[in-house]
Structures are given as C-alpha cells and as structure tokens.
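Single-structure report; data block below.
The values are calculated or read from the model by the stated rules, or taken from the named source; none is laboratory data. Bear in mind the structure is a predicted one, so any value in this text is a computation, not a measurement. Because the Cβ atoms are built from the backbone with ideal geometry, glycine has one as well, and the counts that use them run over all protein chains shown.
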Amino acid sequence: MSGGYKQIKGHQGNNFSEDNQPEKRRGVSLISKLKKMLKDNPDRVTKILEAMIRKAEDGDLKAIEMIVDRIDGKPTQTADITADIRNGITPIVINFSE
C-alpha cells in the first residue's frame, strides 16, 4: 500500500468519514431535536432564560458572560503583527487586543 500506511486486518478504515457522523447515522441532529422541542414548548424557553437570569443575579460569571454575549455580541479580537528583518533575523511582535 502506498504512503506507508498498512491495512490492518479487521480495521474498518477512517471512522470519522462523512457517512459515519452521528447526524448521518441517526437522521436528525441534536440541535434540530432541541430546536423542535423548544419550539413545541415555548414555556421551557422562558424557564431556561429565567434560570439563567437568576444565576447571573446571584453572581454566576458564566451566566453573566452568556447574557452579555447574546445582548452585545462577543468582543472581537484583533492582532497587530509586525516583522522587522535585520541581518537575516526576523523578530516578530504580536499584540492582541479586544
């Protein structure tokens, strides 16, 4: 076999192929099931949101972060990359900011 790969007896090959993905095997993805469940039961959405708000009010940082991210959007991260070539040496400076 070319490429240095050896076929192992009884091995099924790449288990991560497109045809072996959970949504392909089951026909419906977890996300679509969740969307349908919440669409069919709008009271559950309200309960979930109220629970998240309560947690944020109690100081749960993850709940606060999730609420702020959904209201204002996640902050974008930018990178300023500078290269200075001298005597064949290339120092690179990377500055990250939000």
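Can you tell me which condition K33 does not meet? The list is (1) modelled with pLDDT under 70; (2) among the charged types (D, E, K, R); (3) outside any loop (DSSP other than H, G, I, E, B), and all the others hold.
It fails just one condition, (1).
Would you point out which residue out of G10, G27, G4, G73 is of a type outside the set (K, R), exposed (fewer than 10 other Cβ atoms within 10 Å of the Cβ), out of contact with any Lys or Arg (no Cβ under 6 Å at 6 or more places or on another chain) and modelled with pLDDT of 75 or more?
Checking each option against the conditions leaves just G73.
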